[in-house]
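Here is the structure we will look at.
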Amino acid sequence: MKIHLKHRADLPTQAELDKISNLIILLPERDTSAPWPAFPFMKIIRNRLKITDSKINSKSAITTDLPNEAGTRTTLSTLRAELTTHELLRLARKHADVHLAQNPRDVTLIMPGIRQRALRHRAAEAMLAALLAGAAAMPTCKSAKPGKKRLRAVTCHGLGDSFDYRRIQAECAGNSLARELTALPPNLLTPRLYRQRIRQLARQQGWTMRFLNHKALEKENAGAFLAVAQGSPDKDAGMVRLSYIPARGKSRKPLTLVGKGICYDTGGVNLKPARHMHGMHEDMQGSAVALGALLALSQLKVPFPVHCWLALAQNHIGPRAYKQNDVVTASNGTTIEVMHTDAEGRMVLADTLALAARDKPALMIDYATLTGSCVYALGTRYSGAFTNRDSYIPTLIAAGKHSGERVWPFPLDEDYEEALESKIADIKQCTLDGEADHIIAARFLQRFAGKGPWIHIDLAAGNHKGGLGHIPTDYTGFGVRFTLNLLLDQKIME
Ligand SMILES: [Zn+2]
């Protein structure tokens, strides 16, 4: 259900406030003696804060109800221009949580006294992003169905016509899709069911879709992908290639997105223990983020083609499953010595990147919940970024900072690859020591990504307990917002 975003230049009158159920007030940060900006109920709110000795700040949201007919549920914070986007998004979630708990039909935002237009825009963007993210319905299998989320409109006061609502809507659509797919239990999102869902989406969005099944992949000699897929009793694994081709700009060099879509990761023959296997249906989040980014970019009608390659498979245990010491040949002719069957992500991505690179994209970005070592290095608040273009590094950091989906770059120097020297094949899949595995995994992928500009995002922040930034669920859909910033604000392809 679409949520309407409306804006008005002036503040609501007292009579209008009587009809508003939920209100967010953002005030400028000033010393306590400074006069408050004028807005309805200002005196009453100020007195209340004085009585309860509540200090209004930019880290939390104070909740009160207005003494009007609607008993308007109101949250208050101050705003500082120095707040980072991530801090703003966190603050926005605190407001959104209070209001969404009431399941309102509409929420109103006012920012009296905030003079800087840029700050008003940033704050409104964060508040809208948090409200939309919180209002997005996520899958549940409980027999008692939860009540429908009712939010239908958000009205922002104090914004001009230049405010970009479309971008927020598109980003929320992409992020919500990524989170919804990630939340689905593994028996409800097998590679086959996932593909059906993608086909439906492709039809709705006017994307062309190709599916490379086992047979097609055998023809491509995609032995690394097939090594992982061969353990599945159902031959439902394969690569999906989606294309968004704009009417104007179709001859431009494309952007290519690639995602790891392991619908369930048992670890394979090197089986995971229960603690680590729990939650492994989320190992397809990279593909969901690539798909979500494609959805957002095509809704925004970007003027360049976007291809999206999804590596859909499961990593099973069984008599046919690949094993340690197997040697397989990838589609670019590279022979790989299998070292650990739980390093399946880099195997399926190797062939997917190699095939995707044939499109000669202007830029290729892949997303994967790839390594535990990236989580050890960064925790789950940041994701790792890797690139074969050093000149991108400041841009990647900037996109993370400005979007609030923060990434930090890791080195990709050639000598890391010494760890992957194999006695029998061209390269080892991984090491058994696990030292700097996120870097070694990226070096491995680089062998398949071609010579063109390439960025690899290791989604350490794909799951953060309690949610991250403005996102209220553990699974974050991290990457869609970052990617939009990278392309549309940092303009990395120009
Ligand atoms: Zn694995």
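The values are calculated or read from the model by the stated rules, or taken from the named source; none is laboratory data. From a predicted model like this one, the values you see are computed outputs, not experimental measurements. Note: ideal-geometry Cβ built from the backbone for every residue, glycine included; neighbour counts use all protein chains shown.
A compact table of results
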| item | result |
| --- | --- |
| Residues within the range 230-280 that are within 27 Å of MET339 (Cα to Cα) and either within 14 Å of the ligand (Cβ to nearest atom) or surrounded by fewer than 22 Cβ atoms within 10 Å (Cβ to Cβ) (or both), tallied | 28 |
| Which listed residue, of GLY174, GLY134, GLY160, is more than 30 Å from PHE448 (Cα to Cα), in contact (Cβ under 8 Å) with a residue 24 or more places away in the chain and part of a helix (DSSP H, G or I) | GLY134 |
| Selected residue (only one of GLY452, GLY467, GLY479 is among the small types (Gly, Ala, Ser), in contact with a helix residue (DSSP H, G or I) (Cβ under 6 Å, 6 or more places away or on another chain) and in contact (Cβ under 8 Å) with a residue 12 or more places away in the chain) | GLY479 |
| 2 or more residues under 17 Å from ARG150 (Cβ atoms): qualifying helices (runs of 4 or more DSSP H) within the range 1-113 | 85-100 |
| Candidates ILE56, ILE24, filtered to the one that is within 20 Å of ALA135 (Cα to Cα) and aliphatic (A, V, I, L, M) | ILE24 |
| All positions within the range 87-102 that are without any contact (Cβ under 8 Å) to a residue 60 or more places away in the chain and surrounded by fewer than 21 Cβ atoms within 10 Å (Cβ to Cβ) | GLU87, LYS94, VAL98, ALA101 |
| Filter result (closer than 15 Å to LYS260 by Cβ and either outside the structural domain of LEU355 (by TED's automatic domain parsing) or in a loop (DSSP other than H, G, I, E, B) (or both)) within the range 223-237 | ALA237 |
| Subset of the range 357-384 [within 17 Å of LYS491 (Cα to Cα) and surrounded by 18 or more Cβ atoms within 10 Å (Cβ to Cβ)] | PRO361, LEU363, MET364, ILE365 |
| Qualifying residue in the range 464-478 (condition: part of a loop (DSSP other than H, G, I, E, B), β-branched (Val, Ile, Thr), more than 30 Å from HIS95 (Cβ to Cβ) and in contact with an Asp or Glu (Cβ under 9 Å, 6 or more places away or on another chain)) | no |
| Subset tally (residues that are within 16 Å of the ligand (Cβ to nearest atom) and either more than 29 Å from ASP164 (Cα to Cα) or of a type in the set (A, V, I, L, M) (or both)) for the range 287-325 | 12 |
| Meets criteria (loosely packed, with under 14 Cβ neighbours inside 10 Å, touching a helix residue (DSSP H, G or I) at 6+ places or on another chain (Cβ under 9 Å) and at negative phi) for THR84 | yes |
| Index of the failed condition, ALA173 passing every other in (1) of a type outside the set (Ser, Thr, Tyr); (2) buried (at least 22 other Cβ atoms within 10 Å of the Cβ); (3) within 19 Å of LEU484 (Cα to Cα) | (2) |
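Residues are listed down the side, and each one gets a yes or a no for (1) on the phi > 0 side of the Ramachandran plot; (2) within 19 Å of the chain's Cα centre (by Cα); (3) surrounded by fewer than 23 Cβ atoms within 10 Å (Cβ to Cβ):
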position: ILE471; (1), (2), (3): no, yes, no
position: ASP474; (1), (2), (3): no, yes, yes
position: PHE478; (1), (2), (3): no, yes, no
position: GLU494; (1), (2), (3): no, no, yes
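Yes/no per residue for (1) buried (at least 16 other Cβ atoms within 10 Å of the Cβ); (2) within 25 Å of SER331 (Cα to Cα); (3) β-branched (Val, Ile, Thr):
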| site | (1), (2), (3) |
| --- | --- |
| LEU396 | yes, no, no |
| VAL407 | yes, no, yes |
| GLU421 | no, yes, no |
| ALA425 | yes, yes, no |
| CYS430 | yes, yes, no |
| ASP433 | no, no, no |
| ALA436 | yes, no, no |
| PHE444 | yes, yes, no |
